[in-house]
Amino acid sequence: MSVQECKKIVQAFIKQLDQAQPDDVKAVCEASCAQDIHWRGYHPFNEIRDIQTVSEQFWRPLKSSFTGMTHRLDVFMGGENMYETPGGTWGVTMGHLMGLFDKPWLGIPATGKLAFLRFCAFHRVDGDKIVETAMYFDLPHLMVQAGLQPFPTQTAAQLVQPGPATHDGLMFDSQPEDASEKTLATINAMVADLGQWQSGLPLEDELARTWHADMLWWGPTGIGATYTIPRYAQQHSGPFRAGFKDRSGTGHICRLAEGHYGGFFGWPNFIAVPTGGFMGMPATDKPGEFRVIDIYRRDGDKLKENWVFIDLLHFWKSQGVDILERTTGISAV
């Protein structure tokens, strides 16, 4: 399958979802997705292996709660997975699911106002069906919009995050192969530099190898967004590295690039043990999984922007704290 054919199938699926009424969602999902789809989602959905359950547990309730729900995309791209297993051709969507938050969802109280759910999804297409999806979203971001506070004060900024500064992330047409290869190589170099943690190289010097000085890092609620290498080091990368030990190697299921954009996801990406302090939480001595999606924009020879989706609810639940239950339970008192 060509990348363009894959992208057309994914584009048609999300367009049909946007137009569907809640009662029609099941038919739309079954028409576009394999019956035995492997769907990986943010906590509390986790892994689902049939499209009926995906439609009934995720899409239908969300469409029922978000009146007029639509995909407001900032990045749309496709590519061949650099890994042979599972391999495949993937289409990637990133942006916000936007709608009027008229009914509670997952215990989060409705606001009756416009709401944005940050998301990113990787879809593997085989034949004319989506056979595998990884869809991570930012539930804590929605909680904050509903007036809840799931986490302590974060180190970086809380805001509705914009798309690329260059406004060129919607790649409905094919992109030059050499640009895609350069982007993937730059991402691979950045990932390789993560192994420099114990090298003695100063953090800001390490980051400067693959990042522009005025980089933008769009992190999840609980951590936040930050700008420039020094502030990224101060407001996220430094505290994160200081707050964990025994970090495993990096493992991804899919990594790809198209044009000046690229990204990856893992299940998990890595495992680490909290030593205390990160996100205001104590040490636990329990290994925890980090399920992450990263989307990057390359500018020249370095990375300029990064949108990050981390399943923090899954991670902290593994540490003994059910953030979703605790926060929505408090809201109901």
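Worth a mention:
- Kirkwood Rh and Cα Rg combined as Rg/Rh, the range 13-166: 0.97
- Element breakdown for the range 40-183 at a 1.4 angstrom probe: carbon and sulfur atoms account for 50% of the accessible area.
- Each Lys or Arg adds one and each Asp or Glu subtracts one; over the other residues with Cβ under 15 Å from the Cβ of Met1, this totals -2.
- Summing Lys and Arg as +1 and Asp and Glu as -1 over all other residues whose Cβ lies under 11 Å from the Cβ of Ala34 gives a net charge of -3.
- Only helical runs count toward this figure. For the chain, summing -39,500 (n - 2.57) over DSSP H runs of n ≥ 4 and dividing by all residues gives -7500 deg cm²/dmol at 222 nm.
- Computed over the chain, Cα set: Rg, Dmax in Å: 19.1, 57
- Å² per residue, accessible surface of the range 158-250 at 1.4 Å: 50
- Centre-to-centre, using Cα atoms only, the range 119-156 and the range 78-104 are separated by 10 Å.
- Assigned charges on the beta-carbon of Lys, Arg, Asp, Glu; the chain dipole about Cα centre (debye): 820
- All-pairs alpha carbon distance profile, the range 115-236, 5 Å steps from 0, percent: 2, 9, 12, 16, 19, 18, 13, 8, 3, 0
- For the range 219-270: rounded, prolate or oblate by the Cα gyration tensor [a/c cutoff 1.5]: oblate
The values are calculated or read from the model by the stated rules, or taken from the named source; none is laboratory data. In this text, all values refer to a predicted model and were calculated from it rather than measured experimentally. Note that each Cβ is placed from the backbone with ideal geometry, even for glycine, and that neighbours are counted across all protein chains shown. Only protein heavy atoms, including side chains, enter the accessible area calculation; ligands, DNA and RNA are left aside. Shrake-Rupley method; radii C 1.70, N 1.55, O 1.52, S 1.80 Å.
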